[in-house]
Amino acid sequence: MTRRTEQKARSHGTIVAAAARRIRLQGIRDMGVADVMADAGLTHGGFYAHFKNKDALVTEAIGATAGFYESWLSQVGEKPELERLGATARAYLTREHRDHRESGCFFATVGHEVAIGPEDHRKAIEAQLAGTAQALSAIIGTGIDQGAGDRALAAISLCVGAMTLARAVSSVPLSERLLRAGCEFLSETESNIVRLREHDKHKKLKKLKKKSKKRKLDAADV
């Protein structure tokens, strides 16, 4: 790779990172290419050496937000196996995340815009969602394996919805309540799952003991 190629690659990455930040702050529609290039420390005219148009930049920027999801899920994975579903919300539904959208989750900032945008944008966010859900499923499936994939999608949906509303309302107490309620709901759901599993294990063990006792009695009769 030549020095010029290396420089172009670095500039490209800087533009994408600047766009990802701007999009999360302003939304896709209000993000201006000139502002992004200024944030990247580059001239507006250099934009078209990297991207065909704004839509192409947005598509790439959506895929450049993986760092947030990796950090989020690493916090979840550090928790004990049977606390990870609840930890999914506790690590996501924080005041810091709510107040610093520029470095946070893409789903909760521009999901509504992507829904009515170009297909490439929807495909990009779908790929990000699929990867995040798969990773979360593997993490929570360690302790709760049955239906982990659906639980991962449900947990992400709850987190994104709660964060979207917590940012949307003007009342600080209500915003705090939304964050807290989301955390408590997933923690309670996890506790219920654990209790049901323990109950099922107890029933199976009781049934096995009953069968064993019957076999012993039958053997004694013979």
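Any read-out appearing in this document is the output of simple, stated calculations on the displayed coordinates, not a laboratory observation. Keep in mind it's a predicted model, so treat the numbers as computed, not measured. All Cβ positions, glycine included, derive from the backbone under ideal geometry; neighbour counts span all protein chains shown.
How long is the gain from ARG167 to HIS100 if the chain were fully straight, where each residue apart is worth 0.36 nm and the alpha carbon distance is subtracted?
On the way: separation 67, 0.36 × 67 = 24.12 nm, distance 1.03 nm.
This chain segment gains 23.1 nm when fully extended.
Note down the Stokes-Einstein diffusion coefficient of segment 66-205 in µm²/s, whole number, using a Kirkwood radius over alpha carbon pairs, 10 °C, and 1.306 mPa s.
Details: Rh = 15.8 Å.
Result for D is 101 µm²/s.
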| request: Please turn the phi angles of segment 178-188 into ³J(HN,Hα) values with the Karplus equation 6.51 cos²θ - 1.76 cosθ + 1.60 (θ = phi - 60°), one per residue in order, whole Hz, x for glycine and proline. | output: 4, 4, 5, 5, x, 5, 5, 5, 5, 5, 5
| request: Would you mind listing how long segment 61-142 runs along its three principal axes, going by Cα atoms, in whole Å with the largest first? | output: 41, 27, 18
| remark: Cβ-Cβ cut-off under 13 Å around ILE156, Lys and Arg +1, Asp and Glu -1: the net charge is -1
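Net charge near ASP99, counting Lys/Arg +1 and Asp/Glu -1 over other residues with Cβ under 13 Å of its Cβ? Please list the in-between numbers first.
Details: positive: ARG24, ARG95, ARG98, ARG101, ARG167; negative: GLU96, GLU102, GLU176.
Counting the neighbours of ASP99, the net charge comes to +2.
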| task | Net charge near ARG29: determine it from the other residues with C-beta under 11 Å of the C-beta of ARG29, scoring Lys and Arg +1 and Asp and Glu -1. | result | -1
